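Student: The structure under discussion is supplied below as structure tokens; questions concerning it will follow.
The values are calculated or read from the model by the stated rules, or taken from the named source; none is laboratory data. Everything numeric here is computed off the predicted structure, so don't read it as measured data. As a convention, Cβ positions derive from the backbone with ideal geometry for all residues, glycine included, and neighbour counts pool all protein chains shown. Only protein heavy atoms, including side chains, enter the accessible area calculation; ligands, DNA and RNA are left aside. Shrake-Rupley method; radii C 1.70, N 1.55, O 1.52, S 1.80 Å.
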Amino acid sequence: AAIIGEGMIEKGGQTTQQMLQASLTDSLPEIRAAGAQLMFQLVEDLEPDTASTIASQMPATITVMQEFAQSANESLLKDTLESLISAIDEEPEFFVKASNLPALWTTLIDLCGAKHFDDADVRHSAMEAATSLAAGLAEEFCKSEGQPLLEQIVGLNVEWMLEVEEDIDAWTGRADADDDDELDDEMV
């Protein structure tokens, strides 16, 4: 994307849009994931003005993440979230300019609060994406219209801090594992 992205969008214009749309709506989840990850890679690598031409594909990209959250595609969702985090870290303003911040934010908050994932890293990646978005758009979040978003992420962080393992055996098992790790470190 970094090498051919600018030319692909400038020369391909509508064809590039159609290719992205086709990949984001493909029947195979792997193709949809690749389309969403390409979208985020283009956002990360392209100049902001060029990347803004593909902003119309954000609703389909968000839909892909939502579909993965509802199905058993946790690894694809996690990979897509990792791509999103990279794009947010590089170009957070794109997500405001794409006019899809509310839908993206709601999706990320829902993913952070979901407890049905077998892989806890999915929730952690969603939290990292939401936190990166809040940090990258700090000026927007500090305005009165952004404060409810900031309150959501703070509230969610408090909820996460209050999540406590209730199984005593799990606690003692972790403590024993930590003690073993400390002994191994001391012996080295």
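Student: State, in angstrom, two size descriptors of the stretch 65-114 derived from its alpha carbons: Rg to one decimal place and Dmax to the nearest whole number.
Tutor: Looking at the stretch 65-114, its Cα Rg and Dmax stand at 11.2, 31 Å.
Student: Follow-up. Which FRET efficiency value, to the nearest 0.05, is calculated for residue 72 and residue 15 with the Förster distance at 30 angstrom and r the Cβ-Cβ distance?
Tutor: 0.35
Student: At a Förster radius of 41 Å, what calculated FRET efficiency corresponds to the Cβ-Cβ distance of residue 118 and residue 144, to the nearest 0.05?
Tutor: Once rounded, the FRET efficiency stands at 0.55.
Student: Let me ask something additional. Are there trypsin sites (Lys or Arg not before Pro) in the stretch 29-115 that DSSP puts in a loop and that have at most 16 other Cβ atoms within 10 Å, and which ones?
Tutor: Those satisfying the criteria are 115.
Student: Using a 1.4 Å probe on the protein heavy atoms, what percent of the accessible area of the stretch 9-134 belongs to carbon and sulfur? Please list the in-between numbers first.
Tutor: Values: 2700 of 5570 Å².
Carbon and sulfur: 48 percent of the exposed surface of the stretch 9-134.
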